[in-house]
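Scroll down for the structure; my scribbles are underneath it.
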Amino acid sequence: MTSGTPQTQPEIENSVFAGFRQVLKKGTLIFALIITVLFAMIVYQHQRSSAAVRSVDHTRHVIAYIDALRIYLLNLDTAVRKYAESHDPADLDHSLICRQSSCQNADQLIALVDQDAAQVARLVPLPALQSALETGFSALQQRAEAGSDATAPEQELAGFDKSAIEQIHRILIEAERAELLQLEMREQARVHDQNLMSALLGLAGLWTGLTLLGLYRETVRLIGAGVRTEQTIRQLSLRDPLTGLANRRSLNENEKHLIASAKRAQKRMAVLAVDLDDFKQVNDRLGHAAGDEVLVTSAGRMQQLLRESDVIARLGGDEFVIVLGQVDDAAAAHEVARRVVRTLSQPITLASGERAQIGASVGIALCCADGDTLNDLLKKADAALYAAKREGKNTYREAVSDGL
């Protein structure tokens with residue numbers, strides 16, 4: 001358990017400094033969201049790009065296979081034409097037609113495009129046509145190897161269906177045209193995806209920039225509010241909360257300035273210690289609230305007697321200090337002390353309608369002997385104050401160098 005009044009949750013949440021925590025939370029949340037979105041976009045784009053690359057590669061592979069199949073079938077047709085002219089069985093050598101261990105075939109092409117129903121439907125007649133063509137070519141090879149020269153060339157080539165060649169070429173050209181169209185569309189889709197991703201990344205960058213700007217402005221605002229709050233706290237720490245007068249800390253912080261100002265002006269500085277007489281009876285008879293009213297009224301009356309360059313402070317209880325920054329001589333300090341005693345001796349009408357009667361005793365110390373500090377002057381003024389109280393109160397006395 002800590003002493004003092006505990007802060008409630010709303011007060012903590014409305015604090016200027018709590019705002020920094022809110023900015024931190026907000027910034028962390030926003031940046032986590034941005035990073036998550038960017039990561040998701042990168043993963044999504046990577047998947048899309050990979051799929052597009054695979055699709056484009058597959059389409060190129062299909063086109064290459066179609067070209068290879070066309071070349072293979074063209075080689076068959078060319079070999080047959082040469083044989084028709086030369087009747088040389090060497091022209092039908094299979095190694096001249098297909099140099100691979102296994103030649104391209106329509107069934108494998110259909111397997112490559114099995115995801116494209118339209119393309120599959122287009123290629124369905126191709127295996128039968130290729131099979132018929134290869135069967136006719138094999139028969140032609142066998143007759144050529146058997147040396148059947150008696151047969152006329154037209155009859156010999158009748159088993160090789162040349163009309164199938166034209167039909168196969170037409171199917172393969174249509175299939176290749178369709179694949180090229182798909183390739184173009186997929187390339188365009190890939191470029192579109194890249195442009196879209198670039199735009200989204202640009203938007204994310206803009207969003208990040210705007211977020212940073214907003215957080216920067218909010219941070220600047222909070223820093224400004226924090227500085228003002230710190231200044232307010234400092235001002236409050238230098239002021240008496242009841243009367244609004246300076247306190248002992250304020251006097252100590254301004255000590256060098258007060259003494260130096262008097263020396264620069266070649267004037268004297270006077271410190272007046274003021275203590276309210278009969279103040280305890282007011283508290284005992286009328287209560288502490290009435291006592292506070294008396295303190296505030298007394299502080300106001302004394303302030304009206306001083307110049308702007310003079311300083312008045314409350315040290316605590318009913319003890320006050322007046323620092324006259326620049327006086328010509330002791331007589332000027334005595335005159336202020338007389339006015340203080342006179343004005344504080346006048347009755348004070350309270351908010352309750354009752355009247356409080358107090359007085360004041362004043363001790364005076366003049367500055368400055370070499371090495372005198374404000375604390376030294378306060379001790380001298382206190383000693384003169386107690387001398388005034390011993391002599392009957394409601395009066396003032398000045399401290400002298402050898403005591404009183």
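Scanning segment 61-92 for residues that are surrounded by 14 or more Cβ atoms within 10 Å (Cβ to Cβ), under 60 Å from the mean Cα position of the chain (by Cα) and of a type outside the set (Phe, Trp, Tyr) returns 62, 63, 66, 68. Selection over segment 364-378 of residues that are surrounded by 15 or more Cβ atoms within 10 Å (Cβ to Cβ) and either touching a Ser or Thr at 6+ places or on another chain (Cβ under 6 Å) or among the small types (Gly, Ala, Ser) (or both) gives a count of 1. Taken as a whole, the condition of being at pLDDT below 90, open to solvent by 50 Å² or more (accessible area, probe 1.4 Å) and either of a type in the set (A, V, I, L, M, F, W, C) or touching a Pro at 6+ places or on another chain (Cβ under 8 Å) (or both) does not apply to residue 289. A Cβ distance below 7 Å, combined with a sequence gap of six or more or placement on separate chains, defines the contacts here; from segment 62-78, residues that are under 18 Å from residue 107 (Cβ atoms) reach residues that are open to solvent by 10 Å² or more (accessible area, probe 1.4 Å) and polar (S, T, N, Q) in the pairs 65/104; 68/104; 69/104; 72/104. Do you know which of the residues in segment 234-249 that are aliphatic (A, V, I, L, M) and in contact (Cβ under 8 Å) with a residue 60 or more places away in the chain is surrounded by the fewest Cβ atoms within 10 Å (Cβ to Cβ)? Once the filter is applied, the top-ranked residue is 242.
Given the criteria open to solvent by less than 70 Å² (accessible area, probe 1.4 Å), closer than 23 Å to residue 59 by Cα, small (Gly, Ala, Ser) and at pLDDT 75 or above, does residue 175 qualify?
Yes: the conditions hold for residue 175.
Conditions (1) assigned to a strand (DSSP E or B); (2) crowded, with 22+ Cβ neighbours inside 10 Å; (3) in contact (Cβ under 8 Å) with a residue 24 or more places away in the chain, marked per residue:
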position	(1), (2), (3)
293	no, no, yes
297	no, no, yes
322	yes, yes, yes
340	no, yes, yes
362	yes, yes, yes
380	no, yes, yes
389	no, no, yes
394	no, no, yes
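The set of residues from segment 198-233 being open to solvent by less than 100 Å² (accessible area, probe 1.4 Å) and within 10 Å of the chain's Cα centre (by Cα) comprises 208, 209, 211, 212, 213, 214, 215, 218, 219.
The values are calculated or read from the model by the stated rules, or taken from the named source; none is laboratory data. Computed from a prediction, not measured in an experiment: that's the story for all the values here. Here the Cβ is made from the backbone with ideal geometry for all residues, glycine too, and neighbour counts use every protein chain on show. Note: areas computed on protein heavy atoms with side chains; ligands, DNA, RNA excluded. Shrake-Rupley method; radii C 1.70, N 1.55, O 1.52, S 1.80 Å.
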